[in-house]
Amino acid sequence: MNADMNGKMDMRRPEGCDVARRLDARGLCCPMPSVKTSLALESMAGGEVIEVLTDDLISKRDLPRWAEATGNELLGLVEEDSTVRIYIRKGGGL
């Protein structure tokens, strides 16, 4: 995942990605988007995909790192104006 000269991430929504759950975490400051994502993933089956919407700049950086560190898979990150959409596939460990 690389940033361009404007700091925009170059990842896109994965093709053929079936989103099982959407979490709107806009307006929440870090660490709440990660906390709410963790709680949402608890009720999901391994392999399912969650789409997290955030407008918090710290969460834009930290949520993908958190996902990987907790055994989940970061599938994509899309920036649209002030909203960042983060796609995470639940690993088998949560």
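The values are calculated or read from the model by the stated rules, or taken from the named source; none is laboratory data. What you see is a predicted model; the values in this text were computed from it and never measured. Ideal geometry is used to build each Cβ from the backbone, glycine not excepted, and the neighbour counts take in all protein chains shown. Note: accessible area is taken over every heavy atom of the protein model, side chains too, but ligands, DNA and RNA are not part of it. Shrake-Rupley method; radii C 1.70, N 1.55, O 1.52, S 1.80 Å.
Structure data summary
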item	result
Of all residues in region 12-48 being closer than 14 Å to residue 85 by Cα and among the polar types (S, T, N, Q), the one that is surrounded by the most Cβ atoms within 10 Å (Cβ to Cβ)	37
Members of region 77-94 that are touching a residue at least 24 places away in the same chain (Cβ under 8 Å) and not small (Gly, Ala, Ser)	77, 78, 79, 83, 84, 85, 86, 87, 88, 89, 90, 94
Residues of region 77-94 that turn out to be open to solvent by less than 80 Å² (accessible area, probe 1.4 Å) and within 19 Å of residue 26 (Cα to Cα), as a count	9
Region 49-76, subset part of a helix (DSSP H, G or I) and in contact (Cβ under 8 Å) with a residue 12 or more places away in the chain, residue most open to solvent (accessible area, probe 1.4 Å)	58
